[in-house]
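Input: a single structure, listed below in structure tokens.
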Amino acid sequence: MLKQANGQAIIQAFEQFSPKSLAVEGDKVGLQVGTLNKKINKVMIALDVLEPVVDEAIEKGVDLIIAHHPIIFKPIKALRTDQTYGRTIEKLIKHDITVYAAHTNLDVASGGVNDMMAEALELEEVDILVETGQDPLKKLVVFVPEEQASDVREAIGSVGAGFIGNYSHCSFTSQGMGAFKPEEGTDPFIGKQGEMEYVDEVKVETVFHESIEKQVIRAMMDAHPYEEVAYDLYEMASSGKPFGLGRIGYVKEELTLDQFANKVKQAFDVKGVRVVGDGKRIIRKVALLGGDGNKYAFTALHKGADVYVTGDLYYHVAHDAMMEGLSMIDPGHNVEKIMKEGVRRKMKSFVEDKKYSTEVIVSEVHTDPFRFL
């Protein structure tokens, strides 16, 4: 039988994939409107939280919107319900629709917006364009009764602990004897109050990235049978996993710039693109960054890109790139809409795995303010 999920469970699952800690400093990510302390029957994945999107959510009975672009980005000095922005917030509150934003953390995340874009363009040997930090490794050591050890290993592995390369659920186990005396007021899983107890236990050791520490500890505690759990956390000397904005990689086969521009149009479902450079130039290495990537044009150039795909391209940045020999393609900011279906698939997999009754849909409202004539 399917069960209802609450908002906390849905967002905890989402943050395993796109933790807030990956966001660039000052970005407005996380819960923005409403509460997560409620049952969630329907989640809608959206790029933008505009009034037509909120009207769509109301019509479809949505409880939670997971959006890429925050609805609250600048400090609010007044909230007037006779104006569009205030009226949009009012509708969300009146209809008990929660809004959660995942902005640069979703850009940075492995499998996030920029990886989705790289996959759509069929890039190979993909790497990070701009490293913004590292996700440090930590080690968890926990002592578990032998019979329950496999449950704990499975629980922590299911939330991402124990990933080494392409191997998951990696851990090491050694055997020993646990000793304790339950005192007054305890409710021991094993043993009796006031009596020493000796139990065959195992020490389970595994590694995880710091960004998922809360999920790993929670999973471990939930699966562990003891009232009081003995565990240790250690920082690892080995380097963590790098993360960052944008991606850079190689096309499967060489294309001219104009041919590649057409591929960009098809991959991102846009009517037109702005192109900088000689249309006959051969393209092998591609850099990309969803949204506004003007700031990193010369990073793309210095990393050997033949072309840089990004949105909101500035006139003078285009001039500078052209003079330095970097081709550019601007398909617009709205191509980040690719995240809607990508996130929907990930969240649908989660709710099905947990046997939740929650439905996950994508917003069908077109939010690109530009059109081509």
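Among the residues in segment 192-206, are any of a type in the set (S, T, N, Q), surrounded by 12 or more Cβ atoms within 10 Å (Cβ to Cβ) and either closer than 14 Å to ILE156 by Cα or in contact with a Ser or Thr (Cβ under 9 Å, 6 or more places away or on another chain) (or both)?
Yes, segment 192-206 has at least one match.
Given the criterion in the same structural domain as SER357 (by TED's automatic domain parsing), touching a residue at least 24 places away in the same chain (Cβ under 8 Å), buried (at least 22 other Cβ atoms within 10 Å of the Cβ) and touching a Lys or Arg at 6+ places or on another chain (Cβ under 7 Å), identify the matching residue among VAL54, VAL49.
After ruling out the rest, the residue left standing is VAL54.
Restricting attention to segment 129-154, which residues are touching a Ser or Thr at 6+ places or on another chain (Cβ under 8 Å), in a strand (DSSP E or B) and closer than 17 Å to TYR226 by Cβ?
Across segment 129-154, the qualifying residue is only LEU140.
For segment 20-55, which residues satisfy the criterion of being at pLDDT 95 or above and on the phi > 0 side of the Ramachandran plot?
GLY30, GLY34
Only one of these is hydrophobic (A, V, I, L, M, F, W, C), modelled with pLDDT under 95 and closer than 30 Å to ALA13 by Cβ: PHE372, PHE350. Name it.
Sole residue among the options that is hydrophobic (A, V, I, L, M, F, W, C), modelled with pLDDT under 95 and closer than 30 Å to ALA13 by Cβ: PHE350.
Within segment 206-316, considering only helices (runs of 4 or more DSSP H) that don't extend past its boundaries, which have at least 1 residues that are closer than 30 Å to LYS192 by Cα and not polar (S, T, N, Q)?
Because the criterion is at least 1 residues that are closer than 30 Å to LYS192 by Cα and not polar (S, T, N, Q), the helices (runs of 4 or more DSSP H) in segment 206-316 that meet it are 213-223.
Considering only segment 324-366, how many residues are in a loop (DSSP other than H, G, I, E, B) and either more than 30 Å from LYS303 (Cα to Cα) or not aliphatic (A, V, I, L, M) (or both)?
Number satisfying all stated conditions: 11.
For segment 195-209, name all the residues that are over 40 Å from the mean Cα position of the chain (by Cα) and hydroxyl-bearing (Ser, Thr, Tyr).
Residue satisfying the conditions is TYR198 alone.
Quickly run through segment 109-128 and pick out the residues that are surrounded by fewer than 20 Cβ atoms within 10 Å (Cβ to Cβ) and outside any helix (DSSP H, G or I).
Answer for segment 109-128, where residues must be surrounded by fewer than 20 Cβ atoms within 10 Å (Cβ to Cβ) and outside any helix (DSSP H, G or I): SER110, GLY111, GLU122, GLU124, GLU125, VAL126, ASP127, ILE128.
Only one of these is over 17 Å from the mean Cα position of the chain (by Cα) and either buried (at least 17 other Cβ atoms within 10 Å of the Cβ) or among the aromatic types (Phe, Trp, Tyr) (or both): GLY332, GLY342, GLY325. Name it.
GLY332
The values are calculated or read from the model by the stated rules, or taken from the named source; none is laboratory data. Bear in mind the structure is a predicted one, so any value in this text is a computation, not a measurement. All Cβ positions, even for glycine, are placed from backbone atoms using ideal geometry, and neighbour counts span all protein chains on display.
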